[in-house]
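To start, the structure under review is shown below, and the notes come after it.
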Amino acid sequence: MNSFAMSAKGWAILIFGFLACIQALHGVYFSHHTEMPGPSALLEWVVLFTLIGYWLTLDSRDHRTVRVSDMGFLLYVAWPFILPYYLLKTRGFRRSLYIFLLLIVDYFGAFVVGRTLFRLAT
């Protein structure tokens, strides 16, 4: 095994950290009354879905479940349905609810932190 390899849990933490950074950046842009530049927004989606696809691959191997056969366009289009179903199937209702609540706090909390820090700096 490679010494730089991370487990599925490490990749999940990386996804949460990436979402926090991106949402804080969105909060800064929102406070500045501008939108994120097009290439940056495209790169954000590409990186996010690459991370999610790789995490799904590792996590399905850890839980010994069949992974989604098309991790490209299907993941991009149907991720709001695939991820909740996968989490409910592998972790049960209570743990999935905890993960979703953590995701919501991460997503909106980072936006508010980015917006607040920009307001304080100006």
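Answer yes if at least one residue in the range 61-83 is touching a helix residue (DSSP H, G or I) at 6+ places or on another chain (Cβ under 8 Å), closer than 30 Å to T122 by Cα and polar (S, T, N, Q), and no otherwise.
No - not one qualifying residue is present in the range 61-83.
Between residues in the range 28-48 that are surrounded by 11 or more Cβ atoms within 10 Å (Cβ to Cβ) and residues that are modelled with pLDDT of 90 or more and small (G, A, S), which pairs lie under 7 Å by C-beta distance while being six or more apart or on different chains?
If the second residue must be modelled with pLDDT of 90 or more and small (G, A, S), the pairs left are V28/G114.
In the range 7-55, what count of residues is obtained for those that are outside any helix (DSSP H, G or I) and either under 14 Å from the mean Cα position of the chain (by Cα) or within 16 Å of Y107 (Cβ to Cβ) (or both)? Working first, answer last.
Within the range 7-55, the subset outside any helix (DSSP H, G or I) is 7, 32-37.
When the remaining residues are screened for being either under 14 Å from the mean Cα position of the chain (by Cα) or within 16 Å of Y107 (Cβ to Cβ) (or both), the result is 36.
Number satisfying all stated conditions: 1.
The values are calculated or read from the model by the stated rules, or taken from the named source; none is laboratory data. The shown structure was predicted, so the numbers you read here are calculated from the model rather than taken from an experiment. In this analysis, Cβ positions are derived from the backbone assuming ideal geometry, glycine residues included, and neighbour counts consider all displayed protein chains.
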